[in-house]
Structures are given as C-alpha cells and as structure tokens.
Amino acid sequence: MVLTCGHRALDLSSPIVMGILNTTPDSFSDGGNYYQNNRLSLDKVLARAETMVKDGARILDVGGESTRPGASLVGLAEEVDRVVPVVEAINAALDVVVSVDTSTPEVMVAAAEAGAGLINDVRALQKPGALLAAASTNLPVCLMHMQGAPSSMQAAPSYAGVLNEVSEFLQRRVKACNEAGISSDRIILDPGFGFGKTLEHNLELFRHLNTFVSTGMPLLVGVSRKSMIGNVLGRDVDQRMAGSLALALLSVQAGAHILRVHDVAETSDVIRMYSAVKG
Ligand code: 7PM
C-alpha cells in the first residue's frame, strides 16, 4: 500500500511513525519548547524535526491549533502564521512528509501550497468548506472520530455502542469525502483515542482495531502518552513511555499503518523488532 503525499510517497507495507511537532505555545508533553522571547523559533523547531527524522519518523505532524480539552480557539490569521512557515521550513530542509493538523479550510490550502503532504483533521472535514478545500489540494486526509468538541468532550462521553458509532461515523465521512472528490485511496482512518471517550471506550476500540484495518484504508493510531495510559497505570504524562510502547506494539500487531507518537526513536525500535520477528 503506497500513499501519494504531494511530491513524496509513503510506503505503508510496513508500519511507519508520525512524529508529533506541536508548535502551539500551550502544547502539552511533546518535549519541545520552541519559543524564544515569546516568538516561535524556526531553528528550534527544525532541530527537533531533524532529530525525529533521524530517529525514523516518515511523517511530522505540525499543529497550529491546540486540540487540548478546554483550549482556546485560534484565529485564522494566527493559525496560518504559525503553521505555514514551519511547513515550508521542514519541507525544504528534510526528506519527510509534513502533515498539517488543522480543521480550517484556508489553512489546508495554504499549508498545501507551502509543501504539506497530508491533512490531519480531528474534525474529519466537517467544518464548512473543509471537504472542498481538502479535495482541492489533492493530498491524502486523515479522518478522525471525536464525540463533542475539545472544550467539553471529556465531560460525559456516552455511546450505545462505541465501536459501531465510531465505525459508522467514519464510514459516513468517507462517503462525504468520496462525493467531494476525495477517493478512498487518499483516506486514512483514525478512531480518535481520547476524543470524547472514557477509558472503557478507548479499550473497547483498541480491542477491535482490526475492524478499521479490514476497511482496506490505512489506519492511524494516536495513543502516545494519552490519559488512557495514565488511567491504567496511574502515571503522569511524562512517565507513560512504556505504556505508549506497549500500545504501539499492540497497534502494529493489529495491523495499524501509522503510529502518531512523541517518542519517535523508541517507537521505531518497537516496529523494527516487530518486523524482524514477523520476517
Ligand atoms: C490534549 C488532548 C492534548 C489530546 C493533545 C491531545 C490525535 C491527533 C491529537 C490523534 C490524530 C495528543 C492529542 N491526537 N490527530 N491529534 N489522531 N489524527 O495527545 O489521536 O496529541 S492531539
């Protein structure tokens, strides 16, 4: 399975790592503080990006709007100003697919022009204009499930059946994409761990990752350092690497194609050991 991401191609016949590069000032737990005198330092961002690529990342996920529960919404101009220079700099300096983590149509288009190779939208292109904007870029899109809005999604997540609801939501979004001109060979699916889900919901989804794999579309799993690990282990966010790596192995064993992680080198080692044993 090969995904065409603008002028770069991603071979998904073995699992790959997407490194998290969150450049928002209030980002949690990506290990980087990329600000100097209250200004985003492109040098610092590039240094971290280069390390992640050396450590094995094939994709870097660049976000301009924090999806943290309760985070303030970012204005359009601010989001463009944050994201576009980072996309441009990484795309020019490094051989890696730049993923833009956005729900904003104008940002999708501007990022694509700046060299982004993938659109990662936690709102699954539901904002007005997002379907058409994404389609116009010709880039692959990652469709993620979320119940509610980031500000309130963890208040009281509730499902009649979480696996069915998430699967049916993603199926509906795939259909909407297809109708907007985004073919299924450009769509990545993501159940959206932690986005309007209790621990039990997350575990139930994780046990059934094969359901998403069997659609034939690539599956992205994002569990790195998340609260589902904290809830099981009783560990703070900076003590969740072993839990994250355990889930990384279970993900690739279940057939996941892309792992969205903070700890790129360690996750790459997990994949290499998995691949060696699998032969
Ligand atoms: C607070 C809560 C801060 C959640 C950060 C997060 C995903 C994503 C994020 C994911 C895709 C985090 C998340 N998570 N995009 N963006 N899938 N496609 O822990 O699971 O990084 S933000």
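The values are calculated or read from the model by the stated rules, or taken from the named source; none is laboratory data. Given the structure is predicted, the values throughout are model-derived calculations rather than measurements. FYI the Cβ positions are ideal-geometry reconstructions off the backbone, even for glycines, and counts take in every protein chain you see. Note: areas computed on protein heavy atoms with side chains; ligands, DNA, RNA excluded. Shrake-Rupley method; radii C 1.70, N 1.55, O 1.52, S 1.80 Å.
A quick yes/no check of all residues on (1) at pLDDT below 95; (2) of a type in the set (S, T, N, Q); (3) assigned to a helix (DSSP H, G or I); (4) open to solvent by 10 Å² or more (accessible area, probe 1.4 Å):
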position	(1), (2), (3), (4)
Asp61	no, no, no, no
Gly70	yes, no, no, yes
Leu73	yes, no, no, yes
Ala92	no, no, yes, yes
Val100	no, no, no, no
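Of all residues in region 75-90, exactly one satisfies the criterion of being open to solvent by 60 Å² or more (accessible area, probe 1.4 Å) and at pLDDT 95 or above, namely Glu88. Comparison of Ser275, Ser268, Ser244 shows that the only residue that is assigned to a helix (DSSP H, G or I) and more than 19 Å from the chain's Cα centre (by Cα) is Ser275.
Tell me, which residue of region 158-203 that is among the hydrophobic types (A, V, I, L, M, F, W, C), surrounded by 23 or more Cβ atoms within 10 Å (Cβ to Cβ) and within 20 Å of Gly243 (Cα to Cα) is farthest from the ligand (Cβ to nearest atom)? Selected residue: Phe195. Here Val270 does not qualify as open to solvent by 10 Å² or more (accessible area, probe 1.4 Å), of a type in the set (A, V, I, L, M), touching a Lys or Arg at 6+ places or on another chain (Cβ under 7 Å) and more than 30 Å from Lys175 (Cα to Cα). Filtered by the rule that a residue be of a type in the set (S, T, N, Q) and open to solvent by 40 Å² or more (accessible area, probe 1.4 Å), region 119-138 gives Gln126, Ser136, Asn138. Being within 18 Å of the chain's Cα centre (by Cα), more than 16 Å from the ligand (Cβ to nearest atom) and assigned to a helix (DSSP H, G or I) is the filter here, so list the residues in region 110-129 that pass it. Ala112, the sole residue that qualifies.
Among the residues of region 204-225, write down those that are touching a strand residue (DSSP E or B) at 6+ places or on another chain (Cβ under 9 Å) and within 14 Å of the ligand (Cβ to nearest atom). Within region 204-225, Phe206, Leu209, Phe212, Met217, Pro218, Leu219, Leu220, Val221, Gly222, Val223, Ser224, Arg225 qualify. The single condition among (1) more than 18 Å from the chain's Cα centre (by Cα); (2) in contact (Cβ under 8 Å) with a residue 60 or more places away in the chain that Ala92 does not satisfy is (2).
Filter region 226-244 down to residues that are under 21 Å from Lys197 (Cβ atoms) and touching a residue at least 24 places away in the same chain (Cβ under 8 Å) and give me whichever is farthest from the ligand (Cβ to nearest atom). Looking at the filtered set, the residue picked out is Val232. Checked against the criterion of being more than 30 Å from Ser136 (Cβ to Cβ) and among the aliphatic types (A, V, I, L, M), the candidates Leu205, Leu220, Leu170, Leu189 yield just one match: Leu205.
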